[in-house]
Amino acid sequence: MKLLTILLCLLSATIYAAERPNVVILYADDMGVADVSYGDKTVKIQTPHLDRLAAEGMTFTDGHSSSGICTPSRFAMLTGQHHWRRFHGIAQAFGGPVFEPGDFTIAEMFKKKGYRTAERVDCIAIHEEQLN
């Protein structure tokens with residue numbers, strides 16, 4: 001009976017996962033295909049954890065940003081809107097937001113489908129003493 005219960009739990013977890021898979025979006029500035037080792041084991045820096053995510057998930061290898069700078073391309077990714085319709089340039093550190101009340105975002109789209117969403121932004125600063 002225990003085995004049957006465990007199998008039913010695993011089956012229901014598998015069905016739930018098939019209905020609503022995990023979605024992780026890694027969006028990085030100035031990152032090219034040679035910056036991760038997935039698909040090329042000869043690259044200088046190996047990225048085994050990213051390689052595993054790519055191997056077990058879905059990858060998109062022909063993406064195009066709406067701009068060569070970060071603010072517009074992130075705005076387009078989050079809203080699905082082309083930034084030229086609203087603003088030009090980069091959001092300044094102490095400037096106003098580029099988002100407007102009521103903007104529909106990718107997070108809201110996922111929430112409507114029953115997902116819980118989160119944002120994690122890591123910024124790595126290289127200090128001058130690390131370069132010497």
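The values are calculated or read from the model by the stated rules, or taken from the named source; none is laboratory data. Keep in mind that this is a model prediction, so the values were computed, not measured. Please note: Cβ atoms are built from the backbone with ideal geometry, for glycine as well, and neighbour counts cover all protein chains shown. The area values use the complete protein model at the heavy-atom level, side chains included, leaving out ligands, DNA and RNA. Shrake-Rupley method; radii C 1.70, N 1.55, O 1.52, S 1.80 Å.
Being touching a His at 6+ places or on another chain (Cβ under 7 Å) and either part of a helix (DSSP H, G or I) or hydrophobic (A, V, I, L, M, F, W, C) (or both) is the filter here; which residues of the stretch 63-107 pass it?
PRO72, PHE75, ALA76
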Quiz item: Out of all the residues in the stretch 75-89, is one or more open to solvent by less than 70 Å² (accessible area, probe 1.4 Å) and modelled with pLDDT under 80?
Solution: yes
Quiz prompt | the stretch 21-32 residues that are over 15 Å from PHE75 (Cα atoms), paired with ones that are open to solvent by 80 Å² or more (accessible area, probe 1.4 Å) and not charged (D, E, K, R) (beta carbon under 9 Å, 6 or more apart) | solution = PRO21/MET58; VAL24/LEU53
Quiz item: Quick check: is even one residue across the stretch 58-70 over 15 Å from the mean Cα position of the chain (by Cα) and modelled with pLDDT of 80 or more?
Solution: no
Self-check item: Tally of residues being modelled with pLDDT of 80 or more, open to solvent by 100 Å² or more (accessible area, probe 1.4 Å) and among the β-branched types (Val, Ile, Thr) across the stretch 31-50
Solution: 2
Quiz prompt | Filter pass, THR117 being farther than 19 Å from ASP30 by Cα, surrounded by 10 or more Cβ atoms within 10 Å (Cβ to Cβ), modelled with pLDDT of 75 or more and not acidic (Asp, Glu) | solution = yes
Self-check item: Where a residue in the stretch 45-62 is more than 13 Å from ASN22 (Cα to Cα) and part of a helix (DSSP H, G or I) and its partner, wherever it lies, is open to solvent by 90 Å² or more (accessible area, probe 1.4 Å) and of a type outside the set (Phe, Trp, Tyr), with Cβ under 8 Å and at least six apart
Solution: LEU50/LEU26
